[in-house]
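The values are calculated or read from the model by the stated rules, or taken from the named source; none is laboratory data. Just so you know, these numbers come straight off a predicted model, no measurement behind them. Because the Cβ atoms are built from the backbone with ideal geometry, glycine has one as well, and the counts that use them run over all protein chains shown. Quick note on the areas: whole protein, heavy atoms, side chains included, nothing else; ligands and nucleic acids left out. Shrake-Rupley method; radii C 1.70, N 1.55, O 1.52, S 1.80 Å.
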Amino acid sequence: MKKESSAPVRDMKSIGRKLRLALLILLLIGLAGGYYWFRTQRPQQLIEQASQLAASDPEQAEQLLAYAIQLSGNSHSEAQLFRIALLIRLGNADEALGQLTMIEQPEALSQESILQLVQAANQRGMYYLSENLLLAAVSQETERLRVLRSLLEVQLIQGKAEAAIQTSKQILEEDSEDATAWRILGTYYLPQKKHVEAEQAFRNALKYSKIPQQRQSIFKQLIAVLIDQGLAGQARTELEQYREQFPSANDVTLQEASICRLEGQAEKGLELMNVYIARRKSAEEAAHHVRGLLLIDLNQNEQAAQDLELVINAQPWNYEAHYKLALAYRRLDQEEKSSRHQQLAGQYRLLRIELLESTNKLREHPDDVSLRNRVAELYEMFGNEEMAKMLRDGN
């Protein structure tokens with residue numbers, strides 16, 4: 001009898017276990033459904049609410065989006081981009097940048113969405129945010145050239161010369177006829193005394209540029225590099241072409257006077273510079289420098305010293321002006337002044353060489369803090385406070 005009565009008990013226990021298991025499964029299904037709802041449906045509801053509030057109450061909309069992103073486990077890129085747009089609108093660049101860094105795969109974002117955000121950020125002067133947005137999109141092939149050109153623009157606005165150079169090279173890999181990229185490379189090569197590279201870059205820029213104002217600037221840069229090389233004939237040819245294309249322009253007097261000097265026509269060059277300086281209440285240092293060189297060539301040393309003193313008062317690092325001033329004072333039998341300027345010329349020349357060499361080293365070792373600080377110090381010595389500050393800030 002006991003055996004017969006125990007069978008129903010076992011059956012009841014079995015049924016109870018199955019019922020509890022079924023309830024557990026239902027509970028788990030319910031929890032999973034709730035979790036799914038909170039991770040997907042609830043964030044979507046919040047995004048829709050934010051969309052409705054964005055125009056009238058962007059702050060509340062941004063908070064809803066922040067909550068939606070939190071619920072989704074930082075996996076909802078649509079909400080993240082929407083929040084960045086609102087933060088830009090609210091003027092909060094730091095939080096927008098922070099939200100960008102939370103995106104797991106920024107390189108997979110829509111390039112068109114990125115470019116729209118960049119346009120909005122640029123309008124508010126948030127160029128560092130724009131740069132980071134564009135760097136996230138640059139690996140995609142579809143709009144790569146467009147992204148690179150936008151990136152170059154914000155790097156130039158920020159004065160990030162080194163970054164702009166690298167971006168220019170990337171642009172030329174995509175489009176070898178980009179005049180702006182060629183011009184930037186030429187501008188980079190010129191102070192490094194890489195005259196052949198600078199000349200070729202400016203010639204390419206001039207070949208491909210269709211913008212009149214840009215062509216004027218490129219012409220003058222090309223003429224300058226030819227003068228630096230002592231190529232008077234080629235410089236004269238480019239000057240004549242410049243005047244042919246821009247007959248109303250009257251902004252190459254300094255270049256023409258320098259060409260006259262190379263051609264051995266110092267008197268003609270001096271006449272041009274006298275007229276040029278007389279027309280201005282305060283001529284720039286470059287004008288007094290050119291006239292000073294012409295006066296030295298004509299052995300008019302007292303007048304040359306006056307011009308060159310003006311130059312070094314404004315540009316104490318100008319070693320060529322110091323060197324020529326030393327020559328003028330030597331001819332005037334003022335040996336003490338001559339010796340002092342000769343010494344300064346040598347010192348600044350060596351510092352200029354150090355700056356070029358250190359800049360190249362820093363490009364190879366960007367994390368070398370002591371080298372970075374030294375390059376910043378040298379830029380400061382040569383009057384480039386902006387570049388020194390950028391280096392110290394680590395940009």
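Among the numbered criteria (1) farther than 19 Å from Leu151 by Cα; (2) at pLDDT below 85; (3) open to solvent by 70 Å² or more (accessible area, probe 1.4 Å), which one does Ala108 miss?
(1)
Among the residues of the range 268-321, write down those that are among the β-branched types (Val, Ile, Thr) and open to solvent by 50 Å² or more (accessible area, probe 1.4 Å). Give the derivation first.
Let us first name the residues in the range 268-321 that are among the β-branched types (Val, Ile, Thr), namely 275, 277, 290, 296, 311-312.
Passing the criteria: only Val275.
Taking Ser113, is it assigned by the TED database to the domain that holds Val154, open to solvent by less than 50 Å² (accessible area, probe 1.4 Å) and more than 30 Å from Gly159 (Cβ to Cβ)? Working first, answer last.
Details: assigned by the TED database to the domain that holds Val154: yes; open to solvent by less than 50 Å² (accessible area, probe 1.4 Å): yes; more than 30 Å from Gly159 (Cβ to Cβ): no.
The answer is no for Ser113.
Name the residues in the range 242-292 that are acidic (Asp, Glu) and either over 23 Å from Leu206 (Cβ atoms) or touching a residue at least 12 places away in the same chain (Cβ under 8 Å) (or both), would you? Break it down into steps so the answer makes sense when it comes.
Filtering the range 242-292 down to residues acidic (Asp, Glu) leaves 244, 251, 256, 263, 267, 271, 284-285.
Hits for the range 242-292 are Asp251, Glu256, Glu263, Glu267, Glu271, Glu284, Glu285.
What residue, among those in the range 337-350 that are surrounded by fewer than 16 Cβ atoms within 10 Å (Cβ to Cβ) and not basic (Lys, Arg), is nearest to Gln306 (Cα to Cα)?
Residue satisfying both the conditions and the ranking: Ser339.
Residues being touching a residue at least 24 places away in the same chain (Cβ under 8 Å) and either in a helix (DSSP H, G or I) or among the β-branched types (Val, Ile, Thr) (or both): count how many of those fall in the range 326-340.
Restricting attention to the range 326-340, the residues satisfying the condition of being touching a residue at least 24 places away in the same chain (Cβ under 8 Å) are 327-329, 331-332.
Pick out the ones that are also either in a helix (DSSP H, G or I) or among the β-branched types (Val, Ile, Thr) (or both) and you get 327-329, 331.
Selection size over the range 326-340: 4.
Given the condition outside any helix (DSSP H, G or I), touching a helix residue (DSSP H, G or I) at 6+ places or on another chain (Cβ under 8 Å), outside the structural domain of Ile218 (by the TED database) and charged (D, E, K, R), answer yes or no: does some residue in the range 125-142 qualify? Before the answer, list the steps.
Our first condition is that a residue be outside any helix (DSSP H, G or I); within the range 125-142, this holds for 125-126, 138-142.
From the residues that got through so far, the ones that are touching a helix residue (DSSP H, G or I) at 6+ places or on another chain (Cβ under 8 Å) too are 126, 138-140, 142.
Filter again for outside the structural domain of Ile218 (by the TED database), leaving 126, 138-140, 142.
Now restrict to residues that are charged (D, E, K, R): none.
Checked against the condition, which is being outside any helix (DSSP H, G or I), touching a helix residue (DSSP H, G or I) at 6+ places or on another chain (Cβ under 8 Å), outside the structural domain of Ile218 (by the TED database) and charged (D, E, K, R), the range 125-142 yields no hits at all.
In the set Ser130, Ser113, Ser139, Ser150, which member is farther than 20 Å from Ile88 by Cβ and small (Gly, Ala, Ser)?
Working: Ser130 fails: farther than 20 Å from Ile88 by Cβ; Ser113 fails: farther than 20 Å from Ile88 by Cβ; Ser150 fails: farther than 20 Å from Ile88 by Cβ.
It is Ser139.
Does Lys210 fit the bill of being under 25 Å from Arg243 (Cα atoms) and open to solvent by 70 Å² or more (accessible area, probe 1.4 Å)?
Values: under 25 Å from Arg243 (Cα atoms): yes; open to solvent by 70 Å² or more (accessible area, probe 1.4 Å): yes.
Yes: the conditions hold for Lys210.
Looking for something among the charged types (D, E, K, R), open to solvent by 40 Å² or more (accessible area, probe 1.4 Å), at pLDDT below 95 and within 30 Å of Asn274 (Cβ to Cβ) - is there at least one such residue anywhere in the range 364-372? Walk me through it before giving the result.
Narrowing the range 364-372 to residues among the charged types (D, E, K, R): 364, 367-368, 372.
In the following step, the residues that additionally are open to solvent by 40 Å² or more (accessible area, probe 1.4 Å) were identified as 364, 367-368, 372.
In the following step, the residues that additionally are at pLDDT below 95 were identified as 364, 367-368, 372.
So of that shortlist, the ones also within 30 Å of Asn274 (Cβ to Cβ) come out as none.
Checking the range 364-372: not a single residue is among the charged types (D, E, K, R), open to solvent by 40 Å² or more (accessible area, probe 1.4 Å), at pLDDT below 95 and within 30 Å of Asn274 (Cβ to Cβ).
Would you mind telling me which numbered condition in (1) in contact with a Pro (Cβ under 8 Å, 6 or more places away or on another chain); (2) in the same structural domain as Val225 (by the TED database) Gln200 fails?
Exception for Gln200: condition (1).
Condition check: under 30 Å from Gln155 (Cα atoms) and open to solvent by less than 20 Å² (accessible area, probe 1.4 Å). Does Val375 satisfy that? Walk me through it before giving the result.
Working: under 30 Å from Gln155 (Cα atoms): yes; open to solvent by less than 20 Å² (accessible area, probe 1.4 Å): yes.
Yes.
Given (1) open to solvent by 70 Å² or more (accessible area, probe 1.4 Å); (2) in contact (Cβ under 8 Å) with a residue 12 or more places away in the chain, where does Ala136 come up short, assuming only one miss?
That leaves (1) as the condition not met.
Look through the range 163-207, keep the residues that are more than 21 Å from Glu238 (Cα to Cα) and among the β-branched types (Val, Ile, Thr), and return whichever of them is surrounded by the most Cβ atoms within 10 Å (Cβ to Cβ).
Only one residue tops the list, namely Thr167.
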